[in-house]
Amino acid sequence: MTIKSVLFDLDGTLLDRDRSIEKFIDIQYDRLNYYLSHIPKVDYATRFIKLDSNGHAWKDEVYRNLVIEFKIEGITWQDLLHDYETQFQVHCVPFPLLTEMLDTLKQQGYLLGIISNGRGEFQNRAISGLGIRDYFDAILISEIEGVRKPASAIFQRGIDRLGSSARHSVFVGDNPTADIIGAKQAGMRTIWKRNPHWLEAKQADAVINELDEIPALLERFSGC
Ligand SMILES: [Mg+2]
């Protein structure tokens, strides 16, 4: 079955979220050192990452807790949250070979899309921060769409916007449930980008460690 379109998850698939968060929090600590210097930097970073829980907690809760636990004064949790919302994009770290992989897929004529669970403005800023917006023919973010992965509706909507069909589409993601089971139920082929936050994604049609493995896999899918 010829593959015509490839849709991607964003966090943990194209964007190296763990490294981006580490980098952001390190620079936030330095930038706001006037208010945070009574906290050892490693404690601030470790606690942030723990409270963030791989993105499952929204940052208003994280900063509310940090302000209380570390007795931060002179700056509010809202100020810290605003700093996160406006500065995170500056520190977005892509996985290796991201733009090379996208260049290859574009040259090969694939239609490309992103389907991401998250807040619209924030995820859009992250996509711009990575400098990859122009590669994509459709970008769907759950807050804007009013539907989240793993619901089939958001996958089908992405496929429709590309003018493609599920049987000619592949989804690449790191979350075994939201991405792999979700896309599979929508009738797509799936590639799991391995992520240490999960052990395995049993339902995936293929597993990759690096993004540059994708073009050869698409050819393999097209051959069967
Ligand atoms: Mg993800």
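The values are calculated or read from the model by the stated rules, or taken from the named source; none is laboratory data. In this text the structure is predicted, and so the values were computed from the model without any measurement. Don't worry about glycine lacking a Cβ; one is built from the backbone with ideal geometry, like all the others, and counts go over all protein chains shown. Calculation scope for accessible area: heavy atoms of the full protein, side chains included, ligands and nucleic acids excluded. Shrake-Rupley method; radii C 1.70, N 1.55, O 1.52, S 1.80 Å.
If you count only protein heavy atoms with a 1.4 Å probe, what accessible area per residue comes out for the chain, rounded to a whole Å²?
Accessible surface, normalised per residue, equals 46 Å².
Nearest 20 debye, what's the magnitude of the dipole of the chain about its Cα centre given +1 on Lys and Arg Cβ and -1 on Asp and Glu Cβ?
560 debye
Residue by residue through the stretch 96-109, what is 3J(HN,Hα) from phi via Karplus (6.51 cos²θ - 1.76 cosθ + 1.60, θ = phi - 60°)? Round to whole Hz and write x for glycine and proline.
Per-residue couplings from phi come out as x, 6, 4, 5, 4, 5, 5, 4, 4, 5, 4, 4, 7, x Hz.
For Phe8, which sequence-distant residues (separation of 5 or more, or a different chain) have an amide H within less than 5 Å of its own amide H, given hydrogens modelled in the peptide plane?
Correct list: Gly113, Ile114, Ile115, Val172.
How much of the calculated P(r) for the chain lies past 31 Å, in percent of all Cα pairs?
25 percent
Roughly how tilted is helix 77-87, in degrees to the nearest 10 and between 0 and 90, from the longest Cα axis of the chain?
With both axes taken from Cα atoms, the answer is about 40 degrees.
List the lysines whose alpha-carbon lies under 27 Å from that of Lys149, not counting same-chain residues fewer than 8 positions away?
Lys4, Lys50, Lys59, Lys106, Lys184, Lys193, Lys202
Could you work out what % of the accessible surface of the chain is carbon and sulfur, using a 1.4 angstrom probe and leaving DNA, RNA and ligands out of the count?
50 percent
Return the calculated 222 nm mean residue ellipticity for the chain, to the nearest 500 deg cm²/dmol, obtained by summing -39500 (n - 2.57) across DSSP H runs with n ≥ 4 and dividing by the residue count.
The per-residue figure over the chain is -13000 deg cm²/dmol.
Hey, rough spin-label estimate for Thr46 and Gln203, points 7 angstrom out along Cα→Cβ, what's it come to in nanometres?
Output for this residue pair reads 3.7 nm.
Taking a ≥ b ≥ c as the square roots of the eigenvalues of the Cα gyration tensor of the stretch 107-213, is the shape rounded (a/c under 1.5), prolate (a/b larger than b/c) or oblate?
Taking the square roots of the gyration eigenvalues as a ≥ b ≥ c, the stretch 107-213 is rounded.
Would you look at the GNM of the chain, springs on alpha carbons closer than 10 Å, and say which of Lys41, Lys149, Lys193 moves the most?
Lys41
Given the alpha-carbon gyration tensor of the stretch 32-111, what are the semi-axes of its equivalent ellipsoid in whole angstrom, ordered largest first, with each equal to the square root of 5 times an eigenvalue?
Each semi-axis is √(5λ); the values are 35, 12, 12 Å.
Sequence-distant or interchain residues sharing an amide H contact under 5 Å with Asn175, placed H: which?
Those qualifying (amide H under 5 Å, at least 5 residues apart or on another chain) are Ile180.
Would you grab the residues whose amide H sits under 5 Å from the one on Gly118? Only those 5+ places off in sequence or on another chain, please, with H modelled 1.01 Å from N.
Correct list: Ser142, Glu143.
To test your reading of the geometry: what angle, between 0 and 90 degrees and rounded to tens, separates the Cα axis of helix 120-130 from the longest principal axis of the chain?
On a 0 to 90 degree scale, this one is about 80.
Can you run phi through the Karplus equation (6.51, -1.76, 1.60; θ = phi - 60°) for the stretch 23-37 and list ³J(HN,Hα) in whole Hz, with x for Gly and Pro?
Listing the rounded values in order: 5, 4, 5, 4, 6, 4, 4, 5, 5, 9, 3, 4, 9, 10, 5 Hz.
Expressed as a whole number of Å, what is the distance separating the alpha-carbon centroids of the stretch 147-170 and the stretch 8-22?
Computed from Cα coordinates, the inter-centre distance equals 21 Å.
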